[in-house]
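S.K.: Sharing a structure below in structure tokens format, with a few things to ask.
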Amino acid sequence: MARGLNKAIIIGSLGADPDMKYATSGTAICTLSVATNETWTDKQGQKQERTEWHRVKLFDKLAEIANEYLRKGALVYFEGKIRTDKYTDREGVERYATSILANEMQMLGGKREDSNADRRSEPPTNAGRQDRPARQHTQDPPDFPEDDIPF
């Protein structure tokens, strides 16, 4: 029996274009800034809104797909696990960074018209499949030493 479950599912909008890097091993790593919004009405009847920002990391082929097709403002579904890593900044201070390591991604919404449309081809579709929406890719993040990450 499992002793725990680490699973994150978010649907949000990209706050910036993807940031693509490669580890020294050649592993593609794409980092995304994703905003999720929550709205509610408080006790005084005033509408309230809160935006939560998430760092999402994608690896290998999934990273390459995200880098090619996603742009700032895109609405995307991500599924993965939460990981908090400890690192030392340039001033020698130990810090922590929490990310969602996504192993599934699905682009949501319709085709966007923007100035970068000419540099991208159409994303893959799941034409003819009626049983479920197209999943872009599923994979496990690679295991590699932290010193192999170039950031």
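Bear in mind that the values in this text are calculations on the coordinates, not laboratory data. Predicted, not measured: the structure shown is a model, and the values here were computed from it. Don't worry about glycine lacking a Cβ; one is built from the backbone with ideal geometry, like all the others, and counts go over all protein chains shown.
S.K.: If you take every residue apart from Ile82 with its C-beta less than 12 Å away from the C-beta of Ile82, what net charge results, scoring Lys and Arg +1 and Asp and Glu -1?
M.R.: That sum, taken over residues with Cβ under 12 Å, equals +3.
S.K.: Which of Lys7/Lys86; Lys43/Lys72; Lys21/Lys61; Lys7/Lys57; Lys61/Lys81; Lys21/Lys81 have a Cα-Cα distance over 23 Å?
M.R.: Among Lys7/Lys86; Lys43/Lys72; Lys21/Lys61; Lys7/Lys57; Lys61/Lys81; Lys21/Lys81, the Cα-Cα distance tops 23 Å for Lys43/Lys72.
S.K.: For a protection proxy built on the mean count of beta-carbon atoms within 10 angstrom, sort 60-68, 91-99 highest first, please.
M.R.: 60-68, 91-99
S.K.: Still on this structure, I have one more. First select every other residue whose beta carbon is under 13 angstrom from the beta carbon of Gly15; then total the charges, Lys and Arg +1, Asp and Glu -1.
M.R.: 0
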